[in-house]
Every structure is written in structure tokens, then in C-alpha cells.
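What follows is a set of notes on a single structure, which appears directly below.
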Amino acid sequence: MSGFETTGADATVALGRALAPLVRAGDGLVLSGDLGAGKTQLTKGFAAGLEVPEVVTSPTFNILLVHQGRLPLYHFDLYRLEHSDQLEDVDYWGTLEADGVSVVEWGDRFPEAMPLDYLAAHMTITADETREIVLSSQGTRGAELARTWLGACTGLADVVVRNSDSHGGDTA
Amino acid sequence: MSFELRPMTRGDIDAVHEIEHAIFPTPWSRQTFAAEVSIGETRAWLVAVDGDEVVGYGGIMVIGDEAHIMNLAVREDARSKGVGATMLESLLASAVEMGASRATLEVRESNSSAQELYRRFGLSSVGVRPGYYSDTREDAVIMWGDLLARDAASPEAGQELILAIESSCDETAAAVMRGGTELLSSVIASQVDFHARFGGVVPEIASRKHTEAIVAAVDEALEQAGVGFGDLDAIAVTYGPGLVGALVVGVAYAKGVALGTGLPLVGVNHLEGHIFANMLADPTVEPPLVALLVSGGHTSLVHMPEWGVYHTLGETLDDAAGEAFDKVAKALGLGYPGGPILSRLASEGNENAIDFPRAMMRSGNYAFSLSGLKTSVINHIRNAEQAGREVDVPDLAASFQAAVVDVQVSKAVRAAQECGVETFCLAGGVAANPSLREKLHEALADHGIRLSVPPLILCTDNAAMIAQAAHFRFMRGGFLGLDAEAIPNLRLDSEA
Ligand SMILES: Nc1ncnc2c1ncn2[C@@H]1O[C@H](COP(=O)(O)OP(=O)(O)OP(=O)(O)O)[C@@H](O)[C@H]1O
Ligand SMILES: [Mg+2]
């Protein structure tokens, strides 16, 4: 299992920031984990790294919030959706393939509706201030992102990088 | 800031030129302004002044039945206060007096805020002049609009009949209002029995909840009001902020009706609508005021110094207040919607039992942060489980609620005092929370500030509040062009 352990919200924000330079249009990041695990915190860092000027807030109520940075950032949150066919109503599939990068909180909510190629981070609260973040991926682009993200995070303060699969592979 | 309009004179030209020079890359010369002002007859030039300082100016030329908007500018530091819109309103009124029936102008393609303003006055883009601006070779967007449609739309003062549509997120709603005072109907689609109406689900549109709902909601609203499309004077619609897929349904429908009937289209900001729920419930509520907007998707403090002018003082940096209530209720396994259940349990608990953090309480600004509190509650539950301790749910609910309410109340009171207002409005679904109402009422009363809270049905999303806000826009001649689009992240402050 590859991934990270962070101590403090700032460390999780820094992880998100480190991912930003690695992405290009069409990339998708699926975030999962309990309430308060830090999905929005991680997205805040990612958005800052993409040079999004405004404050990134939780998209739970709105389901999709769009920000403009170096690339458009489509910040989804599937928490409130009840059926996967509601994804259609928010143009989920069209947006994933659009001109920007997508981050999907509660992105594992509908297993039957996962994107084709993505990087996934599952976040677990291990103590008040610590989070374990396990990476997995689907498709070649997702695997590449997992690999490069792990590489980009060595040396970040309060971040432990666990890279047990340095040869790459579909599921890191 | 307060300002008034008066005709431009030669004595204003230095001040006008200074603004012109500061904001336009290829400014007009003093001579050009002097020549324009002296022409008379076919021209109307005016300035907006704050005291004796010029803060904006604009002018039109009327040839035959066509008015050309030649220049319209507002000094950088006087923007977003309605100066541009007020000047435009007055210029277009002069144009009609001078015999114009339509108006046209060119605007830089990159100047989206100006285009937005013109659109609100019923002008739409009809083409471009490529490379029109010599400095950057930028294209000019040509905008055009019918002035008489605006005029024909003025029914007897204050008696206009408006159909308003709201579909910014979960609810689809329609309402009919006369003259901004008489609410003839207000329908929320989730409360209408569609199956009865359609005799089953209509297959093609079954997945498009709003599309299906909007037709029925409008029909029902018109029926309850006892009017038809032909009786209306305007169509109003929420065009942002919200979920794009939901907003476009309302906007497309409203544009369709406007096109089909020739009625003017009035665009309303959803958050503005929430504030106007207060005026709807109590017509004596008027600016200057400060509003606290708390719902599932919003937590913001807004200063409204006068009609049509909004300054967002602060917003949440992460979760909205209603969202925090729902998520904490979920973590406690209380079911949905969590807010009401949680606040009921809280009334049985001790709010001092657990010392949850009051984030941003002493930040000195008006920003809110609720995700830390949400996580503290979750940690509290998790730690108790791990230690085999039982969580006292009423105590936890009461302590959580107090942490939310304390911060809201303290910032609300400070904002009201700092803005020097005597009226405070509560808006949004969380306004239903009894503890928030009580504590806010007490704290404000201590400072002689009155609190307005609309009835619950007007606090959650509805179209009656949109109709109320639309009335004020209608009276000021604020219309959207038929090329208007839904704007998911529409800001309140950009409204002129
Ligand atoms: N190591 C950490 N990483 C991330 N967040 C942390 C960490 N330690 C503490 N926190 C706190 O945990 C909270 C995470 O909240 P956040 O809203 O980001 O979670 P989320 O996963 O998006 O929740 P939701 O499911 O409600 O969307 C923040 O308040 C943050 O300050
Ligand atoms: Mg979140």
C-alpha cells in the first residue's frame, strides 16, 4: 500500500499543493473517507497549487463548484446524491472529460459510476491531528499520477511517504 | 457612499477627463468632451457626483430613433455601488424622451462587467467588430436593445404582475406577485403532486427533475393566482449562484417565456432573494441593514447600505452552517435533515458540557470556519468510542450548537455596530434554529438593533422571495437580455 501519513491540516494541504504541478486537463482525483477526513483540506491545497485565487469551500451543498486556476478546477462532492443517475443531472461525465481537472469528494459513493482513468486517495482519521492517505488508481494516467505524486512529496514537513510499490502498476 | 446625477457642464471636464484617463487605454481628449457637451440637441451627458466630487459620467447620442451609448464610466473606487446602473437608467430614459426606440453601443470584448450591466438593461450582443480597438486590436462586442419594450413594460406604477422562478439547487419553485406587495401564489414543486397532474412519470424527462417540475410549478402558480401568461408584466428568474445544471433549467425556461410573450426578463441573485424574504414578511424592513445568511450552502454576512447595493463582509472559508448541522447529526446517527433534530436534542442538553472550539471568534474579520468544529465533534465521538465511554447526545448537541451560535452572534453584532445599522435581517434555512434566533435577538436588542426573521417557509428556498427582489429590480429598470446565462458563482457585490 502506497500513500502518506500527515500530521496537521497544513501537511494535508501541502500534499494537495504538491499534486497540482503534475496534472493536466482531463485528469481526475477521487477522494474518499469519513466526514472530517480532510478531503476539502486537500483540495484547498490542490487549488492553491493550481493558482485558484478565491477561497475553496466545501461543495457538499452545491454538488459542483467550479474554480478557475491554471486550469479549470471542477470540485465535485457526491455526498448528497442518492442515486448514480443524478450524476447525469450534474453533467458529471461531460465535466470529467472537459477542459479541466476534476476532484471528486465522496467519489467512491457509486462504485458502478467510477471514471475510467483516475487517481484515488482514501483518507482515514487515525488520531485527532493525523490522517492516513492510501493511494490507488485506475488506468495508465491514474497510475502515473500516483507514482509522480508520491515522488513529489518526499521531504514535505509532517508528511510520511509510504512507497511500497516503486515499480508502479495499476494499483499502487 | 451616496451620489446624485446632474447634467455634465464644461466645468466638469477636468474631473471627467481624469477618470477617463485612469481607466481607458485610449482615452477621449478634453476637446472631445468639450465638443460633446456643447452640441446639446442630439446629446445627453451627465455626471454622478458624491458631494462635489465627480465619480462617474456617461453620454448618449440620438440619431433618428436610435440612441448610441457613447461613453459610460465609473471611478475605480466608486464601483459596485449602483452608480453605473443609475446613470444608464437615466440616459436610457432621456433617450426615449429624445425619440429613440432602440439603443446600441460597442464594448470591449474583455469588459465582461460592463456587458453584464448592459444585459441587465435588456441589451444583447448582436455581433462583433473585429479588431475595433486600435491599442490591442481587441474585438468590440456590439450590443443592441429595444427601448420601447422596456417602456411598454411599465404598468401603472407599482401594479406590475411578475412571475418568478427559482431553481438554483434542490427546489423548483414559482410565484406570482403584484406590485411588490401582493403575493398571489407561491408554489414549491416538491410539494406538488406530479403524478396526479401528469398521470404518471413522463419518460423523456424523468431524470431531469427540474425540467419536469418547472412546468408544473409555473402552471400551478398561475392557476392559484388566477392569471395567465398574457396578464404578466415581467418574468423573473434566479440566475445564480447555485448548481449550474439546476440554474440553467430555470433560466432557459424563463428566457423561453420571455421570448414567446415579449415580456422583459428580470434576473435575481439567489442570495439577494433570501434577504428580500425579510421585506416580503415585513414591508417596513429597509436598508441600511446587515443580513446574516445561513443555510445548507451559505454562511455570509452582508451589508446592504441602500436598495440594490451589497457588500459581503465575510463568508465561510469551508463548510456552511447548515452543512455542519447536517453532518454532525449524521455522525451522531440522527438522520436527515439533521438540523431540526439536532436543535431539538440540544434544548435538553447542557451547552457548557463540552468546550468545542469557536473558530475565527477573535479573527477581527467576518470570515467563518466550521470544518474544524465538525471535526472536533467527530473526534469527540471517536475518542469516546475508543475509550468505551458513552456519548451524551443532548450535551454534545447543545455544546456544538452553542459553538456555532456564539460565533455567528458575536460577528453579527459587531458587523451591525461597525456598519452603524439599526436593522438586522436573518435569512436562509438555518434561521429556523431557535437558539440562533433567541441569542441573536437578545444580543442585538442590547444595542438597540431590531432583528427581522421571516417565517420558516420564506427562509428556505422559494420563489416568493425572488418575486419580491424582482419587484425592486423591475422598478429600477434592471433587465436581463435574452442572451443571459446562468452564472453558478454569481457574486452579490458585483450587482450594480
Ligand atoms: N492531518 C490532517 N489532515 C487534514 N485535516 C486535518 C488534519 N488534522 C486535523 N485536520 C482537520 O480536519 C478537518 C478536515 O475537514 P474537511 O472538511 O477537510 O474534511 P472532509 O473530508 O472534506 O469532510 P466532509 O466529508 O464533510 O466533506 C479540518 O478541520 C482540519 O483542520
Ligand atoms: Mg469536504
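Can you tell me which residue is farthest from B:VAL404 (Cα to Cα) among those in region B:357-381 that are open to solvent by less than 40 Å² (accessible area, probe 1.4 Å), within 12 Å of ligand 1 (Cβ to nearest atom) and of a type outside the set (S, T, N, Q)?
Of region B:357-381, the ones open to solvent by less than 40 Å² (accessible area, probe 1.4 Å) are B:359, B:366-379, B:381.
Right, trim to within 12 Å of ligand 1 (Cβ to nearest atom) and you get B:359, B:369-379.
When the remaining residues are screened for being of a type outside the set (S, T, N, Q), the result is B:359, B:370, B:372-374, B:377-378.
Working: B:ALA359: 9, B:LEU370: 8, B:GLY372: 11, B:LEU373: 8, B:LYS374: 10, B:VAL377: 12, B:ILE378: 15 Å.
This residue is B:ILE378.
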For the structure I just gave you, tell me whether A:ALA20 is among the small types (Gly, Ala, Ser), more than 15 Å from ligand 2 (Cβ to nearest atom), outside any strand (DSSP E or B) and open to solvent by 10 Å² or more (accessible area, probe 1.4 Å). no
Out of (1) open to solvent by 10 Å² or more (accessible area, probe 1.4 Å); (2) within 20 Å of the chain's Cα centre (by Cα), the odd one out for B:LEU451 is which? (2)
Residues satisfying the stated conditions in region A:23-40, i.e. out of contact with any Asp or Glu (no Cβ under 9 Å at 6 or more places or on another chain) and either part of a helix (DSSP H, G or I) or more than 12 Å from ligand 1 (Cβ to nearest atom) (or both): A:VAL23, A:ARG24, A:LEU29
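Which residues, counting only those in region A:152-161, are among the small types (Gly, Ala, Ser) and either outside any helix (DSSP H, G or I) or open to solvent by 50 Å² or more (accessible area, probe 1.4 Å) (or both)? Can you show your working first?
If we filter region A:152-161 for residues that are among the small types (Gly, Ala, Ser), which is where we start, we get A:152, A:155, A:157.
Answer for region A:152-161, where residues must be among the small types (Gly, Ala, Ser) and either outside any helix (DSSP H, G or I) or open to solvent by 50 Å² or more (accessible area, probe 1.4 Å) (or both): A:GLY155, A:ALA157.
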Would you say B:VAL302 is open to solvent by less than 30 Å² (accessible area, probe 1.4 Å), in the same structural domain as B:GLY448 (by TED's automatic domain parsing), in contact (Cβ under 8 Å) with a residue 24 or more places away in the chain and more than 21 Å from the chain's Cα centre (by Cα)? no
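Residue-wise test of (1) crowded, with 17+ Cβ neighbours inside 10 Å; (2) aromatic (Phe, Trp, Tyr); (3) within 19 Å of the chain's Cα centre (by Cα).
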position: B:VAL405; (1), (2), (3): yes, no, no
position: B:SER435; (1), (2), (3): yes, no, no
position: B:ALA443; (1), (2), (3): yes, no, no
position: B:PRO455; (1), (2), (3): no, no, no
position: B:ALA467; (1), (2), (3): yes, no, yes
position: B:ALA484; (1), (2), (3): yes, no, yes
position: B:LEU490; (1), (2), (3): yes, no, yes
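For region B:41-68: of the residues being aliphatic (A, V, I, L, M) and without any contact (Cβ under 8 Å) to a residue 40 or more places away in the chain, which is most open to solvent (accessible area, probe 1.4 Å)? Give the steps one after another, and end with the answer.
The first filter runs over region B:41-68 and keeps only residues aliphatic (A, V, I, L, M), leaving B:44, B:46-49, B:54-55, B:60-63, B:67.
So of that shortlist, the ones also without any contact (Cβ under 8 Å) to a residue 40 or more places away in the chain come out as B:61-63.
On the way: B:MET61: 40, B:VAL62: 12, B:ILE63: 107 Å².
Top of the filtered list is B:ILE63.
Please verify whether A:THR43 is more than 15 Å from the chain's Cα centre (by Cα) and within 8 Å of ligand 1 (Cβ to nearest atom), treating the condition exactly as stated.
Values: more than 15 Å from the chain's Cα centre (by Cα): no; within 8 Å of ligand 1 (Cβ to nearest atom): yes.
So A:THR43 fails the test.
Yes/no matrix, rows are residues, columns are (1) of a type in the set (Ser, Thr, Tyr); (2) free of Cβ contacts under 8 Å to residues at least 24 places away in the same chain; (3) within 12 Å of chain B (Cβ to nearest Cβ):
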site	(1), (2), (3)
A:ASP10	no, no, no
A:LEU15	no, no, no
A:ALA20	no, no, no
A:PRO59	no, no, yes
A:LEU78	no, no, no
A:SER84	yes, no, yes
Out of A:GLU5, A:GLU105, I need the residue that is within 16 Å of ligand 1 (Cβ to nearest atom), open to solvent by less than 10 Å² (accessible area, probe 1.4 Å) and of a type outside the set (A, V, I, L, M, F, W, C). Which one? A:GLU105
Here the residues within region A:109-140 that are open to solvent by 30 Å² or more (accessible area, probe 1.4 Å), in contact with a Gly (Cβ under 8 Å, 6 or more places away or on another chain) and not in a strand (DSSP E or B) are A:MET114, A:LEU116, A:ASP117, A:GLU129
Note on B:VAL96: of the conditions (1) surrounded by 16 or more Cβ atoms within 10 Å (Cβ to Cβ); (2) assigned to a strand (DSSP E or B), unmet is (2)
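Can A:ALA98 be described as within 16 Å of ligand 2 (Cβ to nearest atom) and either surrounded by fewer than 17 Cβ atoms within 10 Å (Cβ to Cβ) or part of a strand (DSSP E or B) (or both)?
Values: within 16 Å of ligand 2 (Cβ to nearest atom): no; either surrounded by fewer than 17 Cβ atoms within 10 Å (Cβ to Cβ) or part of a strand (DSSP E or B) (or both): yes.
It is false that A:ALA98 is within 16 Å of ligand 2 (Cβ to nearest atom) and either surrounded by fewer than 17 Cβ atoms within 10 Å (Cβ to Cβ) or part of a strand (DSSP E or B) (or both).
Quick one: which of B:ARG30, B:ARG79, B:ARG10 is open to solvent by 50 Å² or more (accessible area, probe 1.4 Å), under 30 Å from B:CYS419 (Cα atoms) and at pLDDT below 95?
Values: B:ARG30 fails: under 30 Å from B:CYS419 (Cα atoms); B:ARG10 fails: under 30 Å from B:CYS419 (Cα atoms).
Within the list B:ARG30, B:ARG79, B:ARG10, the selection yields B:ARG79.
So which residues in region A:64-91 are modelled with pLDDT of 90 or more and not in a strand (DSSP E or B), if there are any at all? Working first, answer last.
Step one: filter region A:64-91 for residues modelled with pLDDT of 90 or more, giving A:64-79.
Result: A:GLY69, A:ARG70, A:LEU71, A:LEU78, A:TYR79.
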Looking at this structure, is B:PHE368 within 11 Å of chain A (Cβ to nearest Cβ), closer than 28 Å to B:ASN269 by Cβ, touching a helix residue (DSSP H, G or I) at 6+ places or on another chain (Cβ under 8 Å) and among the hydrophobic types (A, V, I, L, M, F, W, C)? yes
Given the conditions (1) touching a residue at least 12 places away in the same chain (Cβ under 8 Å); (2) more than 16 Å from ligand 1 (Cβ to nearest atom), and given that A:ASP89 satisfies all but one, which numbered condition is not satisfied? (1)
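Would you confirm whether or not region B:222-234 contains a residue that is within 14 Å of chain A (Cβ to nearest Cβ) and either touching a strand residue (DSSP E or B) at 6+ places or on another chain (Cβ under 8 Å) or modelled with pLDDT of 95 or more (or both)?
Filtering region B:222-234 for residues within 14 Å of chain A (Cβ to nearest Cβ) gives none.
Among the residues of region B:222-234, not one is within 14 Å of chain A (Cβ to nearest Cβ) and either touching a strand residue (DSSP E or B) at 6+ places or on another chain (Cβ under 8 Å) or modelled with pLDDT of 95 or more (or both), which makes the answer no.
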Counting only residues in region A:28-84 that are open to solvent by 10 Å² or more (accessible area, probe 1.4 Å) and among the acidic types (Asp, Glu), the one nearest to ligand 2 (Cβ to nearest atom) is identified as A:ASP34
Tell me which residues, restricted to region B:321-341, are at the interface with chain A (Cβ under 9 Å from one of its Cβ atoms), closer than 19 Å to B:LEU292 by Cβ and touching a helix residue (DSSP H, G or I) at 6+ places or on another chain (Cβ under 6 Å). B:GLY322, B:ASP326
List pairs: first residue in region B:156-184 and under 11 Å from B:ALA217 (Cα atoms) and open to solvent by 10 Å² or more (accessible area, probe 1.4 Å), second residue hydrophobic (A, V, I, L, M, F, W, C) and not in a loop (DSSP other than H, G, I, E, B) anywhere in the structure, Cβ distance under 7 angstrom, at least six positions apart or on different chains. B:GLU171/B:ILE188; B:GLU171/B:ALA189
When residues of region A:122-143 are limited to those that are acidic (Asp, Glu) and touching a residue at least 24 places away in the same chain (Cβ under 8 Å), the one nearest to A:GLY16 (Cα to Cα): A:GLU132
Limited to region B:372-395, what total is found for residues that are more than 10 Å from every other protein chain (Cβ to nearest Cβ), outside any loop (DSSP other than H, G, I, E, B), in contact (Cβ under 8 Å) with a residue 12 or more places away in the chain and charged (D, E, K, R)? 1
Let me confirm something: among B:ALA246, B:ALA258, B:ALA252, which residue is of a type in the set (A, V, I, L, M) and open to solvent by 20 Å² or more (accessible area, probe 1.4 Å)? B:ALA252
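The values are calculated or read from the model by the stated rules, or taken from the named source; none is laboratory data. All values reported here derive from a predicted model rather than from experimental measurement. In this analysis, Cβ positions are derived from the backbone assuming ideal geometry, glycine residues included, and neighbour counts consider all displayed protein chains. Surface accessibility is based on the protein's heavy atoms, side chains included, excluding ligands, DNA and RNA. Shrake-Rupley method; radii C 1.70, N 1.55, O 1.52, S 1.80 Å.
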